[in-house]
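Since every read-out is calculated from the coordinates, none of them should be taken as a lab result. Computed from a predicted model, the values in this text were never measured in an experiment. Here the Cβ is made from the backbone with ideal geometry for all residues, glycine too, and neighbour counts use every protein chain on show.
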Amino acid sequence: FDIDKTNGRIVTNGSLDREKVSVFTLTITAYDGAVIEKRRSTNATVIITLLDVNDNTPYFAEYPAHYIVPENTRIGETAAIIDVRDPDAGENGALNFTMLSCDLCGYFILNSTTGAFITNKSLELENSTTLLPYTNFTFNIHVADRGTPQPRAITGIVILTVIPTNEYAPVFTRTNLSLTLAENTKVGHLVVKVLATDRDIDRHGIVDYYIESGNFRKTFSIAKTNGEIILMQPLDYETYSSYKLVITAQNGQDYKKATKMTVHITVTDIPD
């Protein structure tokens, strides 16, 4: 700002932008016309507040606007909120959202004032005949502010991608299994194959097998990927006449879920 030294008129001396600086505090000094040695003065504070005008167009914080939605998002829950910004104040910065078009319409409802997508149908991939893992929902969205005299608006694409989640634990076909082995069974013998299934899809449905306990002297091993239990050490009835193997089946890579079963192995004596 500049001031006319003769009449005190304050005028602008450059462009104003309320979004950068909204309030200016000026200290104004007034002098009388006496010689410097006898001059008297007084100060006054002038506060200038800039009023907002609708000079900013809404914009997407990131574009393309892409949001990840877990498949276990429930009906009625918020799946995503479109991040559109407008630095103007009041109604000039308030936004209205309109869905112009979409594919696979009906799975989400758009809140016109918050820009939130609300889940309207089940996204469960395991039970759906329509949805596949990483299904993309594409929306053409119009966003306008409520400014005057003329609203400013933008149109853009918003994509929601439904991803699988680890919802189910593996289930063994049998939770207890009993069998016998002669003590002269050869090392490398396939003792039994256990099986667990998992309803999850994608990587969350991959099952790994482990022997959790009861494997004295590491007599047995289990194939991590297929559940085959192999004899790894010679059996000796006089040393160990039975084994109780606790087998764990574990799924997924994130938030792993597990279940257990027991394999009872009785060693039969062979005269030696």
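Toward the positive end of the charge dipole of the chain, with +1 on the Cβ of Lys and Arg and -1 on the Cβ of Asp and Glu, the farthest Cα among Ile109, Ala89, Ala258 is that of Ala89. Convex hull volume of the Cα atoms of the chain, normalised per residue: 227 Å³.
Look at the alpha carbon pairs under 8 Å that are at least 6 residues apart: their mean separation over the length of the stretch 171-268 gives a relative contact order of 37 percent. Binning the C-alpha pair distances of the stretch 59-163 at 5 Å intervals from 0 yields a P(r) profile of 2, 12, 23, 23, 15, 11, 7, 3, 2, 1, 0 %, listed from the shortest bin outward.
In straight-distance terms, cross-link reach from Lys38 covers every one of the lysines whose alpha-carbon lies under 30 Å from its own, apart from those fewer than eight places away in the same chain; here that gives Lys5.
Shown in residue order for the stretch 228-237 are the 3J(HN,Hα) couplings computed by the Karplus curve 6.51 cos²θ - 1.76 cosθ + 1.60 at θ = phi - 60°: 6, 9, 10, 6, 10, 10, x, 8, 9, 4 Hz (x for Gly and Pro).
In summary, the lysines within cross-link reach of Lys218, defined as a Cα separation below 18 angstrom excluding same-chain residues under 8 places away, comprise Lys186, Lys193, Lys244. Of all aspartates and glutamates in the structure, those lying under 20 Å Cα to Cα from Lys260, and not within fewer than 8 positions of it along the same chain, are Glu167, Asp198, Asp200, Asp208, Glu212, Glu228. Couplings 3J(HN,Hα) for the stretch 28-38, derived from phi with the Karplus relation 6.51 cos²θ - 1.76 cosθ + 1.60 (θ = phi - 60°), are 9, 10, 10, 10, 8, x, 5, 4, 3, 5, 10 Hz, where x marks Gly and Pro. Sorting the Cα pairs of the stretch 115-272 by distance into bins of 10 Å, from 0 upward, gives 9, 27, 19, 14, 11, 8, 6, 3, 2, 0, 0 percent per bin.
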